[in-house]
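The values are calculated or read from the model by the stated rules, or taken from the named source; none is laboratory data. For clarity, every value in this text was computed on a predicted model and none was experimentally measured. Ideal geometry is used to build each Cβ from the backbone, glycine not excepted, and the neighbour counts take in all protein chains shown. We work out accessible area using only protein heavy atoms, side chains counted, and drop any ligands, DNA or RNA first. Shrake-Rupley method; radii C 1.70, N 1.55, O 1.52, S 1.80 Å.
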Amino acid sequence: MSEAKKAQLLKALLSIVPFEGWSESALTEAGASCDLSLQDISILFPRGVTDVLRFYNQQLDHKVMETLEKNGLADMKVRDRITLAVRTKLELMTPDREAIRKGVSFFTMPLKASEGMHNVYDTVDAMWLAAGDTSTDYNFYSKRLLLAGVYSSTLLFWLDDSSENFEKTWAFLDRRIAEVLKIGGTLGKTIGKISALANKFQTCSPFAKKNL
């Protein structure tokens, strides 16, 4: 029941945010339209708007994962899977683009920046998992760090894109993915060499021999 109430309140708030922003007063107004008291709202979202935005982002990420599961990813290259994931997320947000713009502004506030980063991490982690990523070494973190840059920059480009069907955004996304693949390859080789050197040093170290 609480999930249904959260979704109902979010829907009401999304219709208000383009005019009033992501504010506690807007949340209260949305709650009133859903017959929810201030106490009801605080139970559903203890941290107010911050929790609403987290919930909204998680709902979108879940839909992205569902979409990817229906698209036969087994026959797609990893690059195409990730491109599809980012594009799907932006397409899902299109009806609420002005609310998303207000959300980006909300997370630029100093006290909310870390929450914005958490949301981005949730998104890129979900995208990699949906794409079939099973890495557990340094690749796990490097992949998410690189995708966070791609997703964030593409999101900002998309917010100001006035081209038909966001064609310029998709072209921008393709370029960013290509750039990241080059960086990722170089990064992987560099870390691989460092790891090999460290292992060699450990093997040759007199301290290592003493412990044998």
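If I require 15 Å or longer along the helix axis, counting alpha carbons, and a Kyte-Doolittle average no lower than 0.5, what helices from the chain are left? Use full DSSP H segments. Write down the numbers at each step before the final one.
Values: long enough: 2-14 (18 Å, 0.08); 49-69 (30 Å, -0.48); 78-93 (23 Å, 0.14); 113-130 (26 Å, 0.01); 138-159 (32 Å, 0.65); 167-204 (56 Å, 0.02).
The qualifying helices are 138-159.
So what are the three principal axis dimensions of the chain from its Cα atoms, in whole Å, longest to shortest?
The Cα atoms of the chain stretch 72, 45, 33 Å along the principal axes, largest first.
Name the residue from 58, 138, 99 whose Cα lies farthest towards the positive end of the charge dipole of the chain, charges +1 on Cβ of Lys and Arg and -1 on Cβ of Asp and Glu.
Value computed over the given set: 138.
With every protein chain in place, what's the accessible area of residue 168 (1.4 Å probe, Å², nearest 10)?
Answer for residue 168: close to 130 Å² accessible.
What percentage of the solvent-accessible surface of the chain, computed with a 1.4 Å probe over protein heavy atoms, is contributed by carbon and sulfur atoms? Show your work: numbers first, answer last.
Working: 7450 of 12520 Å².
That share works out to 60 percent.
Per residue, how many Å² of accessible area does the range 1-76 show with a 1.4 Å probe? Could you put the intermediate results ahead of the total?
Details: 4220 Å² over 76 residues.
With all protein chains present, the range 1-76 gives 56 Å² per residue.
At q = 0.20, 0.29 Å⁻¹, what is the base-10 log of I(q)/I(0) for the range 83-146 according to the Debye formula with one equal point scatterer per Cα and no solvent? Please give it to two decimals.
-0.91, -1.20
So how many Lys-Lys pairs in the range 1-118 land under 30 Å Cα to Cα, not counting same-chain pairs under 8 apart?
24
Translational D (Stokes-Einstein, µm²/s) of the range 1-72 at 20 °C and 1.002 mPa s when Rh comes from the Kirkwood sum over C-alpha pairs? Please list the in-between numbers first.
Numbers: Rh = 12.7 Å.
D, rounded to a whole number, is 169 µm²/s.
When the Debye formula is applied to the Cα atoms of the range 28-112, each taken as the same point scatterer, what base-10 log of I(q)/I(0) results at q = 0.16, 0.19, 0.24 Å⁻¹?
-0.79, -0.95, -1.17
Rank these residues by their accessible area, most exposed first, probe 1.4 Å: 175, 79, 144.
Numbers: 175 125, 79 100, 144 5 Å².
Of 175, 79, 144, the descending order of accessible area is 175, 79, 144.
Taking 7 Å along the Cα-to-C-beta vector as the label spot, tell me the residue 59-residue 32 distance in nanometres, rounded to one decimal.
The answer from the label model is 2.2 nm.
With runs of 4+ DSSP H residues as the only contributors, calculate the mean residue ellipticity of the chain at 222 nm using -39,500 (n - 2.57) per run, divided by the residue total and rounded to the nearest 500. Walk me through the numbers on the way to the answer.
Working: 11 runs with 164 residues, N = 212.
The helix contribution divided over the chain gives -25500 deg cm²/dmol.
Under a Cβ-only charge scheme (Lys and Arg +1, Asp and Glu -1), can you give me the dipole magnitude of the range 1-114 about the Cα centre, in debye to the nearest 20? Present the calculation step by step, with values, prior to reporting the outcome.
Values: 16 positive and 15 negative charges, 94 e Å.
So the magnitude is around 460 debye.
Can you compute the modelled spin-label distance between residue 66 and residue 162, with each label point 7 Å from Cα toward Cβ, in nm?
3.5 nm
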